[in-house]
């Protein structure tokens, strides 16, 4: 899952994941829409890893990447609690949570000066 408010940032990420790793991604321009999609898929599936990875922009006007991560983590925690009550502890050991990674396209000119 890719989340960024700027479509020009999503395209290179999609292409890189597809070309280098053969990973099909789902992209969202609006963070709340992405969180709701994550929640819906979590409710429909029998496993919390409905997405293998969430890459979210840190700086977005509606909701920042930290808030997105906290909401997704809260939904997963809630789902796991219900899962643990329904199934045995042995079966929950195999269930893993989806990692949320915050990224940014923001660069400072001094970074390029140091790198070059």
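Derivation of every value follows stated rules applied to the coordinates shown; laboratory data play no part. These numbers come from a predicted model, not from an experiment. As a convention, Cβ positions derive from the backbone with ideal geometry for all residues, glycine included, and neighbour counts pool all protein chains shown.
Cβ-to-Cβ counts within 10 Å put 42, 20, 2 in ascending order as 20, 42, 2, the fewest first. Inter-label distance, residue 102 to residue 14: 2.5 nm, where each label sits 7 Å from its Cα along the C-beta direction. Once the Cα-Cα distance is subtracted from the 0.36 nm per residue extended length, the residue 30 to residue 73 segment shows a gain of 13.7 nm.
Here the gap between residue 40 and residue 5, fully extended at 0.36 nm per residue and compared with their Cα-Cα distance, gives a gain of 10.5 nm.
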